Structures are given as structure tokens and as C-alpha cells.
Amino acid sequence: MSMDRRMRLWSLAASYAGVGPVTVEHVCAAAIAATATDGAAIAVALAATPHETIYSSDRIVSEAEELSLTFGEGPCADALRGDLILVPDLRSSQCMARWPVYAPAAVEAGIRAVFALPLQVGAIRLGVLDLYRGEPGDLDREQLLDALVLADAACALLLDSSERDAPQVPGRIPEPSGLQHPEVHQATGMVSVQLGLSAALALTWLRAYAYTHDRRLRDVAGDVVARRLRFNPDDTARGSPPDGSRSDDS
């Protein structure tokens, strides 16, 4: 990548920051502008859960990110393994076969194209930069090169903890910085205790419950945290889909 390209794109990100420091929010804003996409998100890889979205540019993008977390599939999930995933049309037969749950749900939410760029330094995988379009269409060569440079910039900022206290992008309605749905992590810990499972397996059961009951993961987590929903260890013993027991006071 040429130094001129890097300087141009960093200047673009800095223009969104104004007088403040550049953050991942500003890098996302620059990526949207440089690639002619409609939205962007940053998801980070965690030890206890597959990933967590720390920034999304708007509510539709936030919903698409949550679908990936709930179903455990999609471009973001694949890119976390280090693969560059470029999807010009989610409605294609290949996408529907590859992501049979995520793809139709994302299309229904208003997403037609997704470009997931791994954020990694050597063998260390930090997360993913996801770019979204409401209409089908691929990235051209220049747009892809710009996106890769901005992904590198996001990597550098993720390694700099000082960016967390910086201001948000002017003119956008971003999701809060930091973990968007802490109740998911709290519920994962509670289910882990209830079922005697690791945190990773407990999250899988939460996802399975959300999927089989056609609910959002964060809503199910909220019920667990509020003790309106408790998981039954007998379900894990017989390997059946999680039913859980609902209670108003347990």
C-alpha cells in the first residue's frame, strides 16, 4: 500500500474527528465514505464469546451484527477466522446455502451486501471491520484497497486503549462505545452456573434458545439476568433443544 493512500485515508478519518483524537468510529466513517457503503461496524474477538460489536454506525447495522452473534454464522463470523469475505449480494444461492439462517434474516433487515475484513496483527486476530450496503454491489479495486488500509488503521486503534474516551462521529447515530449488550455476558455466566458448562457452551445454549423461540439474543439474556428464565440441566443431559423454565419470581 502506498504511503500516499495511507495519508489520504488517515486525513479523511481525522476530518471526522475534528479537533479530537481519531477513534474506530471515525475510521468507520472514513471507510463508509471511501467504499460507497451505507454502514460499518467493528467487532472484536473475545475469549468467552465468539465476538462482540464495539461500534456500529446505525441501527440496521447493529441489527445485522446481532444476527451474526445470535446465529453464529455470516460474513463476520467467517472473517473472525482470518478470511476476507466479500459478499456483493446476500440473496445469491451461494450465500443462502453458506449462511442459511443469517442470510435471509439479514436481507429482511435491509442488508444486501457485506464486506468483512479481518483485523489482525500477524497471527493475532483482533476482530473484524464489517461494511454494509442496502443494495447489491461489489467493491471495486480502489475501494477494496482503501478498505484494507482502514482496517489496518482500526487494528492500530484497537491496540490503543486511549481511544475509548474519545468523542463520537459527527452526523452519525452510533451505538455506545464499549460492549453493547453486557447483559449477554452476565447471562452467559449465569447459564454456565445453571448448567455446569463452560462460558462458550453456555452462550451456545443461549443462542439455541433465542433461535428456537424466534427471539433476539439480548432479550433472552435480559430474561435470564432478571431471573424470568432459567435453564434446566436435564436438557443438556439428553441433548435436547433448550426449553428453559420461566418464572416471575425465581
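The values are calculated or read from the model by the stated rules, or taken from the named source; none is laboratory data. The shown structure was predicted, so the numbers you read here are calculated from the model rather than taken from an experiment. Here the Cβ positions follow ideal geometry from the backbone for every residue, glycine too, while neighbour counts run over all protein chains shown.
Please go through region 114-127 and pick out each residue that is among the aliphatic types (A, V, I, L, M), surrounded by fewer than 24 Cβ atoms within 10 Å (Cβ to Cβ) and in contact (Cβ under 8 Å) with a residue 40 or more places away in the chain. Selection gives L126 alone. Selection of region 98-113 for residues being crowded, with 20+ Cβ neighbours inside 10 Å and either in a strand (DSSP E or B) or in contact with a strand residue (DSSP E or B) (Cβ under 7 Å, 6 or more places away or on another chain) (or both) yields I111, A113.
I'd like to know if region 78-99 contains one or more residues that are at pLDDT 95 or above and within 30 Å of Q186 (Cβ to Cβ). Checking region 78-99: at least one residue is at pLDDT 95 or above and within 30 Å of Q186 (Cβ to Cβ).
Annotation: of all residues in region 1-55 being acidic (D, E) and modelled with pLDDT under 90, the one that is surrounded by the most Cβ atoms within 10 Å (Cβ to Cβ) is E52.
On the given criteria, is Y211 hydroxyl-bearing (S, T, Y) and modelled with pLDDT of 90 or more? Working first, answer last.
Values: hydroxyl-bearing (S, T, Y): yes; modelled with pLDDT of 90 or more: no.
Here the answer is no, as Y211 does not meet what is asked.
Within region 40-97, the set of residues being part of a helix (DSSP H, G or I), of a type in the set (A, V, I, L, M, F, W, C) and either under 17 Å from R133 (Cα atoms) or in contact with a helix residue (DSSP H, G or I) (Cβ under 8 Å, 6 or more places away or on another chain) (or both) comprises I60, V61, A64, L67, L69, F71, C76, A77, C95, M96. Summed over region 168-207, residues that are modelled with pLDDT under 50 and either within 21 Å of the chain's Cα centre (by Cα) or within 16 Å of P233 (Cβ to Cβ) (or both) total 10.
From the list A64, A79, which one is under 18 Å from R125 (Cα atoms) and in contact with a strand residue (DSSP E or B) (Cβ under 7 Å, 6 or more places away or on another chain)?
Result of the check over A64, A79: A79.
Out of everything in region 218-250 that is aliphatic (A, V, I, L, M) and in a helix (DSSP H, G or I), what residue ends up being modelled with the lowest pLDDT? Before you say what the answer is, go through the steps one by one.
Step one: filter region 218-250 for residues aliphatic (A, V, I, L, M), giving 220-221, 224-226, 229, 237.
Restricting the remaining residues to those that are in a helix (DSSP H, G or I) gives 220-221, 224-225, 237.
On the way: V220: 88, A221: 89, V224: 91, V225: 91, A237: 51.
The residue in question is A237.
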